[in-house]
Amino acid sequence: MAYESYVLVCGGTACCSGGADKIIEAFANELEAAGLKEKVQVVATGCLGFCEQGPIVKILPQGTFYVQVKAEDVKEIVAEHLVKGRVVQRLCYDPEQAKKLVAEANIPFYQKQYRIVLRNCGVIDPEKIEDYIARDGYKAIEKVLFEMTPEQVVDEMLKSGLRGRGGAGFPTGMKWKFAQQQPKGQKYMVCNADEGDPGAYMDRSTLEGDPHSILEAMTIAGYAIGASKGFIYIRAEYPLAIHRLEVAIAQAHELGLLGDDILGSGFSFDIELRFGAGAFVCGEETALLQSIEGNRGMPKPRPPFPAVKGLWGRPTVINNVETLANIPVIINKGADWFSKIGTATTKGTKVFALTGKVNNSGLIEVPMGTTLREIIFDIGGGIRGGHKFKAAQTGGPSGGIIPEQFLDTPIDYESLAKIGSIMGSGGLIVMDETDCVVDIAKFYLDFTVDESCGKCAPCRIGGRKLLNYLKKITDGRGTEQDIKDMEAICDAMNKASLCGLGQTASNPVKSTLRYFMDEYMEHIHDKKCRSGKCSKLIQYKIDPAKCKGCTMCARKCPAGAISGTVKNPHVIDQTKCIKCGACESTCKFGAISHG
Amino acid sequence: METEMITLEINGKAVTVPKGTSILNAAKAAHIKIPTLCYHPDLKPGASCGICVVRQLVPSRNPADNGKLVPSPKMLRACCTEATAGMHILTHDPDIVQVRKTVLELILANHPQDCLQCPRSGSCELQAIAADFGIRDIPFPKEVIHRDPDNSTPSIVLNSDKCIKCGRCAEVCQEMQNVWALEFIGRGEKTVMAPAAGVKLAESPCIKCGQCSAHCPVGAIYENDETAKVWAALRDPEKTCLVQIAPAVRVAVGEAFGMKPGELTTGKIYAALRMLGFDKVFDTNFSADVTIMEEGTEFIKRFTEGGTLPLLTSCCPAWTDWMEKYAPDFTENFSTAKSPQQMLSALAKSYWPEKNGVDPAKVHVTSIMPCTAKKHEIIRDEFMKSTGFQDTDVVLTTRELARMIKAAGIDFASLPEEPADKLLGEYTGAGTIFGVTGGVMEAALRTAYCLITGEAKPPSIDFKEVRGMEGVKKATIDIKGTKVNIAVAHQMGNVEKVLNEIREDRRNGVKPRYDFIEVMACRGGCIGGGGQPCLATDAVRAQRTAGIYTDDEKCTLRMSHLNPEVQALYKDYLGGKTGAQGGEKAHHLLHTGYKKIDVYHFE
Amino acid sequence: MSEKLETMTPELKAFVEEWKSKPGNLIMVLHRVQQTYGYIPRNIAIEISTMLDVPLAKIYGVVTFYNFFRLQKSGKYNVQVCLGTACYLRGGDDIIKEFERRLGVGLNATTEDGLFSVEAVRCLGCCGLAPVAVVNGEVHGKLETKDVEGIIEQYRKLG
């Protein structure tokens, strides 16, 4: 049955809370009333990425892109657009009152994007396997099982240049090769869906919007390395993604695309879900395996690497969700095609969760090599609220702060490492001048200290010490010796921590010290926070030009910090001031302000 | 089977080691002892502290270097990383040493600074490594998370303030001992080594074996020091102070005085104890011989009259505790004989006072043991008060005795040998071997052979098949045609599988495959006890074990039933009968009972 | 304080039976326990210990390691305020402080009437709606401190 039109409603968690399900319900009712039920299909899709402007509704075949849609708007959309063919102008994207843009392809947010990983998100109904199949779904596994040997599959991965998207960037083909080379026997394929970086939701969106792509990819990987069993280790905090995967697994089983003797090839592979339980460290490979084994998620030393000795001592490959989402496309379109996208060292695309102080916060996918400037200003629409760009942050708690001078850095593993950050899983946080970098470093260390498993001394103790130093500095009690001590701890944590969490936990500190030492010094010597974020460093000042010397403030001050004689300008002693603000609210002449 | 050897380079020196050797152990061949803290040779490497870091030399990434080997910026842990053929290891450079020092400073910053009052001062591994690194000043702010110590058991104290989270105690309690009283609880800096569900040690499965304290590198777990009680008794003019020493003590206490493990110091200990002020000095080896009389006849009775088999030895109180908690289906199998400690104490407050005209109410018995569980044994139940008083008043571990001797200023190593006192002091070789795994079994077999066959001695006085460090030793002993199937297990973690074999036999309705099983909770037997001098390894255990067998060989009499003081005891006091033979006095004083204990006690 | 004794439900029992033979089953079983009771009751943990033949110490080691598992019941309405980076930058910690202030409880504690508890959670992945709070699965996005009172009232009315 062919429909004339399709109404795609973004069903990502964010849009859901914005009322997407009410919108879908409204469409169902209105279309029924208008007699269009047989002609127009309403599809709840995965994340379209333009989260700032959600809920999103896209109408096909025109590709009309409606933003900030409410359930009350549906009546008009049906009446005007679907019945009469007239675009509802007021719901189109309208950047800065410039021009109302109707088509998605014209919207700057989308123009520089290249959606490979997110190819189906926002296009298909993730709970319909037919939709996935209709868009080349399960074509790759068919090719692999009947036209390729496991060695050929591994070679194709190596040729493609695909590198792990979880953050470390290890060549995927090499990891598969190590596992494949292990003697035959029980092997495992694991999908790392424990996306834990705060500010990152790329994997969640992929799992919610295109779950079959992951199942197909894992099956291909299983074939390549000789594994008969796969596990998806997924955060318990992602219930919708879990549901979508459960539905997808059942559907794949039904069609013989998963389980025994897939497509009659003789190859059997099955997938089981295992839930995380609120431990960021379980995103680390060895800790993740410990968690699947039902243990505390405490990492193990490497070597031996999981590809050699992993789950229950067997060869195991662990790949990130985004890495896997690339696999079916690479098989279908070929490694050569894939390796032409991106840079010399970093192939393909990267999905980013662009958040923070940008105008267009959302989920994006760009070819590797795109610059930070393009992402933040062209796609992101620049800094919101008329503020000024201060820094970007990639890699979450393991990453570094990137200041303005590096805005033209192309996104690839090596270039980011060179400037003191990492690719990370895709969280890209944008900061403006009202954000304090010392405070951000403190925020990340707070996270790390809470999430540290506690097994090794450098991370367990070092992380807390770093956090305490940062608190000291943001409280205005820091010294230059604190910086030196922090640097020694950063070095020890980086070299002697047992796992990547501890080894990279010092990156926010190291990078902020490297690029914003002057701000640290301001906090320490001037007891000043130029962004106004560190509340203990806010300074109250009396403007001598406005001060009438009425002495009211001095009398109100509970700390006795204000001095001055009658009819003469008064002065606040910063060392005594407790920042209560009583003086400012008392002054009738507007002579006292804070900043 | 040939062991495959591999060659690698350590600091530029070629070294050949068996495949599977860790970098840590491989480095020893290159004159390098890489500093460690959490590592212990008994256990799987914990890989936690981060002190043993080293570097590999890897091909340079700089094209100009033409693949020259340069130190990798990354470091790896030597304790848990396997040395592989062709590896190039750099064990130290100024950077590596600095990283180790910083890690150490971090650990010290979170550690209480009261070495002077710490039970492990002088034997603390953290103290030692801090001294080796020349730590003078800790640059980081000090932060100790304080929790009240857990001294709920009479045996062991848990002081989490000093814990460095090395994880040894959990590994010991779980994997070595299969008790599962301790585990990592919480996460990150809030981690504590503690029992489940917030209960105290006394309410947990803890069997008080003290192996946790024997492996703890610092003063976070230690024995409950009761020396004050002993000094008080010695000071009390009303009390007649008797003391007994266990077999395992004599081959270990010398270590506290600079002597080698395994050096026999029996005579010196007697002398030192007298100098401390004890009125009479006895030897638990005497009552070990008595135990053989009691348990030997018990075994023969069951073996020949179709009683419950297998017979399980009962002298180890940690094992008894484990059985009552985890294997109450073996209660009937347990020998009802008390431990040698309890037998001697019972006799010390009945037999000895009678023979010496002393009021038993004034007798005080101290027992020097290699064991922390013994501190709990003495108050276990009413059977431990068989004399009408608490039979044993105080148990001191070997470590506590050493401290008493030092506090008194006695120059232990130079002491001349003295004999024990009469009545409860003489022992045969069979008694002394109670201190090692297989010893109880061997002693019992020596006497059982004679009692069953009526012969003067077995063909070989040594039963070598029960000796050694293998976790479970099995043998069939041929007593002139009568086959006795025996098993000897040590280290609690090795015991359950033996019990499961019997359970399988029960399920299948067949005769149990063992007739007699000896169990000792500590690795190596009592010589490896939780109360022995710290830092024991298999090498030390081997030396102590050799000392015990030397003691056995030195004895003129090597079978318990030939001990003249034992013979006198039965003739003059016990009516010539053991408990199994119907002797009422023997039954009352020298036998005990068992009960089921909940693994956890919740309020 | 003695712990409440919960009853093992037939569904939970069936789940444990189904998962008994699967290696690594402990965390999945604990998830089902928490789903059933809202926390991990001690007596259920003891039953699980017997059914799975896993020492109680191991169970508590796992439960206390993972933030998701609770040893005590939370409030009827559990307010989870996201402290991911995006939410933090857009004032997430102010939202937390406002909830704490208005409800009179600190983090991870329950109000006297058992209605509310507040916790700070890791990134929920709704960064486009920062700052975000989730109450019993319902997402409240683009929050300002002045919205907090209204949200509390909304649930208080439900009782």
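The values are calculated or read from the model by the stated rules, or taken from the named source; none is laboratory data. Since the model is a prediction, treat every value here as computed from it, not as a measurement. A quick note on method: Cβ atoms are made from the backbone with ideal geometry, for glycine too, and the neighbour counts reach across all protein chains shown.
Remarks
- Residue that is nearest to the other protein chains (Cβ to nearest Cβ), among those in the stretch A:232-261 that are within 27 Å of A:Val308 (Cα to Cα) and buried (at least 23 other Cβ atoms within 10 Å of the Cβ): A:Arg235
- At least 3 residues being among the acidic types (Asp, Glu) is the threshold, and among the helices (runs of 4 or more DSSP H) wholly inside the stretch A:425-506 those reaching it are A:437-451, A:480-496.
- The set of residues from the stretch B:355-384 being of a type in the set (S, T, N, Q) and either assigned to a loop (DSSP other than H, G, I, E, B) or within 19 Å of B:Asn285 (Cβ to Cβ) (or both) comprises B:Thr366, B:Ser367, B:Thr372.
- Residue within the stretch C:82-102 that is in contact with a Cys (Cβ under 8 Å, 6 or more places away or on another chain) and in a strand (DSSP E or B) present: yes
- In the stretch A:432-449, the residues that are within 11 Å of another protein chain (Cβ to nearest Cβ) form Cβ pairs under 8 Å with partners that are of a type in the set (Ser, Thr, Tyr) and surrounded by fewer than 24 Cβ atoms within 10 Å (Cβ to Cβ), at six or more places apart or across chains, as follows: A:Thr434/A:Ser531; A:Asp435/A:Ser531; A:Cys436/A:Thr474; A:Cys436/A:Ser531; A:Asp439/A:Thr474; A:Asp439/A:Ser531; A:Lys442/A:Thr474.
- Counting only strands (runs of 3 or more DSSP E) that sit completely within the stretch A:356-407, those holding 3 or more residues that are within 14 Å of chain C (Cβ to nearest Cβ), over 26 Å from A:Met493 (Cα atoms) and within 18 Å of the chain's Cα centre (by Cα) correspond to A:362-367.
- Filtered residues of the stretch A:561-585 (kept if charged (D, E, K, R), under 22 Å from A:Asp475 (Cα atoms) and either in contact with a Cys (Cβ under 9 Å, 6 or more places away or on another chain) or outside any loop (DSSP other than H, G, I, E, B) (or both)): A:Lys576, A:Glu584
- Among the residues of the stretch B:53-87, those identified as within 16 Å of A:Leu498 (Cα to Cα), hydrophobic (A, V, I, L, M, F, W, C) and assigned to a loop (DSSP other than H, G, I, E, B) are B:Met75, B:Ala78, B:Cys79, B:Cys80.
- Every residue from the stretch C:35-55 that is away from chain B (no Cβ under 11 Å) and assigned to a helix (DSSP H, G or I): C:Gln35, C:Thr36, C:Tyr37, C:Ile44, C:Glu47, C:Ile48, C:Met51, C:Leu52
- Looking across B:Cys534, B:Cys555, B:Cys526, B:Cys522, one residue alone is more than 30 Å from B:Gly388 (Cβ to Cβ) and touching a strand residue (DSSP E or B) at 6+ places or on another chain (Cβ under 8 Å). It is B:Cys522.
- Single residue of C:Lys76, C:Lys58, C:Lys157 found to be facing chain A (nearest Cβ under 9 Å) and either surrounded by fewer than 22 Cβ atoms within 10 Å (Cβ to Cβ) or out of contact with any strand residue (DSSP E or B) (no Cβ under 6 Å at 6 or more places or on another chain) (or both): C:Lys58
- Only residues that are out of contact with any strand residue (DSSP E or B) (no Cβ under 9 Å at 6 or more places or on another chain) and over 21 Å from A:Glu272 (Cα atoms) were counted across the stretch C:14-50, and they come to 14.
- Hey, B:Ile479 assigned by TED's automatic domain parsing to the domain that holds B:Trp319 and modelled with pLDDT under 95 or not: yes
- Pairs, first in contact (Cβ under 8 Å) with a residue 12 or more places away in the chain and in the same structural domain as A:Thr64 (by TED's automatic domain parsing) in the stretch A:7-36, second in a loop (DSSP other than H, G, I, E, B) and of a type in the set (D, E, K, R), C-beta under 6 Å, six or more apart: A:Leu31/A:Lys37
- Flag for B:Val179 being touching a Cys at 6+ places or on another chain (Cβ under 7 Å) and either of a type in the set (Phe, Trp, Tyr) or in contact (Cβ under 8 Å) with a residue 40 or more places away in the chain (or both): yes
- A search for C-beta distances below 7 Å between a residue of the stretch B:154-169 that is in contact (Cβ under 8 Å) with a residue 40 or more places away in the chain and any residue that is in a loop (DSSP other than H, G, I, E, B) and among the charged types (D, E, K, R), counting only pairs 6+ apart in sequence or on different chains, returns B:Ser155/B:Lys208; B:Ile156/B:Lys208; B:Ser160/B:Arg147; B:Asp161/B:Arg147.
- Counting the residues of the stretch A:224-255 that are within 22 Å of A:Tyr132 (Cα to Cα) and either in contact with a helix residue (DSSP H, G or I) (Cβ under 6 Å, 6 or more places away or on another chain) or in a strand (DSSP E or B) (or both) gives 12.
Yes or no, residue by residue, for (1) within 11 Å of another protein chain (Cβ to nearest Cβ); (2) in a loop (DSSP other than H, G, I, E, B); (3) touching a Gly at 6+ places or on another chain (Cβ under 6 Å):
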position	(1), (2), (3)
A:Phe267	no, yes, no
A:Gly278	yes, yes, no
A:Ala287	yes, no, yes
A:Gln290	yes, no, yes
A:Lys300	yes, yes, no
A:Ile318	no, no, no
A:Thr323	no, no, yes
A:Asp336	no, no, no
A:Ala344	no, yes, no
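- Out of B:Ser22, B:Ser60, sole residue that is within 14 Å of chain A (Cβ to nearest Cβ) and either surrounded by fewer than 22 Cβ atoms within 10 Å (Cβ to Cβ) or touching a His at 6+ places or on another chain (Cβ under 9 Å) (or both): B:Ser22
- Residue check, B:Gly307 in a helix (DSSP H, G or I), touching a helix residue (DSSP H, G or I) at 6+ places or on another chain (Cβ under 7 Å) and more than 18 Å from B:Gly425 (Cα to Cα): no
- Every residue from the stretch A:403-420 that is touching a residue at least 24 places away in the same chain (Cβ under 8 Å) and buried (at least 24 other Cβ atoms within 10 Å of the Cβ): A:Ile411
- A:Lys39 in contact (Cβ under 8 Å) with a residue 12 or more places away in the chain, outside the structural domain of A:Ile411 (by TED's automatic domain parsing) and either polar (S, T, N, Q) or more than 27 Å from A:Val366 (Cα to Cα) (or both): yes
- Count of the stretch B:129-156 residues which are outside any loop (DSSP other than H, G, I, E, B) and farther than 30 Å from A:Gly478 by Cβ: 5
- Flag set for A:Pro558, criterion: more than 30 Å from A:Phe443 (Cβ to Cβ), assigned to a loop (DSSP other than H, G, I, E, B), at pLDDT below 90 and more than 38 Å from the chain's Cα centre (by Cα).
- Restricting A:Ile124, A:Ile129, A:Ile141 to those that are touching a helix residue (DSSP H, G or I) at 6+ places or on another chain (Cβ under 7 Å), surrounded by fewer than 24 Cβ atoms within 10 Å (Cβ to Cβ) and touching a residue at least 12 places away in the same chain (Cβ under 8 Å) reduces the list to A:Ile129.
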